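J.: Take this structure first; my questions come after.
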Amino acid sequence: MLSRRTLTMSGIGALIAGGALARAWAAGGPAAKFEITKTPEEWKKILTPAQYGVLRDHGTERPFTSPYDKLYEPGIYNCAGCDLPLFSSETKYDSKTGWPSFWKPLDNALGTKDDRTLFMLRIEYHCRRCGGHQGHVFEDGPKPTGLRYCNNGVALKFVPKAKTPS
Ligand SMILES: [Zn+2]
């Protein structure tokens, strides 16, 4: 098993090609401490393979595959890993990218880090409670923030707003 600590500079080039470095980062370095931590085996018991691939393995779902991409019902989008509320339908918009997009997260929901995979710098964001990877944030979003939180739908769990009894 490769651990981050045993990586040498000479090994990094080879690892980037194999995607192992991306996975090492996604797994969280020694500094990453989250309220909810589980072993990969424990996560695999509660997540589908698709959810695991994004949340724990830093994957990206294919665009236009998530039913949440075109969903605009009122409600809250929770982390699919630990159920922490991350986004409100009130900040969701159609970015036409094929991924559910938001211009603002809920308060105290996300953590971010630099992501230098794919040979460019992007800002990765994740659930601040379990560290589950959610997506990347870009600066081409709508007003008032100008931000676009490009989220993997499979990493979210939509909770419809309770309808008031008629
Ligand atoms: Zn979470």
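J.: What is the Cα centroid distance between the stretch 123-140 and the stretch 43-68, reported in whole angstrom?
T.: 14 Å
J.: Starting from 0.36 nm per residue, how many nanometres of slack lie between Thr97 and Lys143 once their C-alpha separation is accounted for?
T.: 14.8 nm
J.: Another one. DSSP loop trypsin sites (Lys or Arg not before Pro) in the stretch 87-166 with at most 16 other Cβ atoms within 10 Å of their Cβ, which ones?
T.: Sites meeting the loop and neighbour criteria: Lys96, Arg116, Lys161, Lys163.
J.: Treat the stretch 36-160 as a sphere of radius equal to its Kirkwood radius over Cα pairs and apply Stokes-Einstein at 10 °C in a medium of 1.306 mPa s; give the translational diffusion coefficient in µm²/s, rounded to a whole number.
T.: Details: Rh = 14.4 Å.
In µm²/s, the coefficient is 110.
J.: Sticking with this one: Roughly what would the spin-label model give for Thr39 and Leu118, points 7 Å off Cα along C-beta, in nm?
T.: Output for this residue pair reads 3.3 nm.
J.: Moving on. Which ³J(HN,Hα) values, rounded to whole Hz and listed in residue order, are derived for the stretch 87-99 from phi using the Karplus coefficients 6.51, -1.76 and 1.60 in 6.51 cos²θ - 1.76 cosθ + 1.60 with θ = phi - 60°, glycine and proline given as x?
T.: 9, 9, 4, 5, 10, 8, 8, 8, 7, 6, 8, x, 10
J.: Using the Kirkwood radius over Cα pairs, work out the Stokes-Einstein diffusion coefficient for the stretch 64-135 at 25 °C and 0.890 mPa s, in µm²/s as a whole number.
T.: 189 µm²/s
J.: Mind putting a number on the dipole of the stretch 64-134 about its Cα centre? Charges go on the C-beta only, +1 for Lys and Arg and -1 for Asp and Glu, and I need it in Debye to the nearest 20.
T.: 180 debye
J.: Let me check against my output: what whole-number percent is the relative contact order of the stretch 36-160, with C-alpha pairs under 8 Å and at least 6 apart?
T.: That works out to 28 percent.
J.: Among the listed pairs Lys33/Lys113; Lys33/Lys157; Lys44/Lys104; Lys38/Lys92, which are separated by more than 18 Å between their Cα atoms?
T.: Correct reply: Lys33/Lys157; Lys44/Lys104; Lys38/Lys92.
Every number here is computed from the coordinates shown, using simple stated rules; none is lab data. Nothing here was measured: the structure is a model prediction, and the numbers come from that model. Glycine gets a Cβ as well: all are built from the backbone with ideal geometry, and neighbour counts include every protein chain shown.
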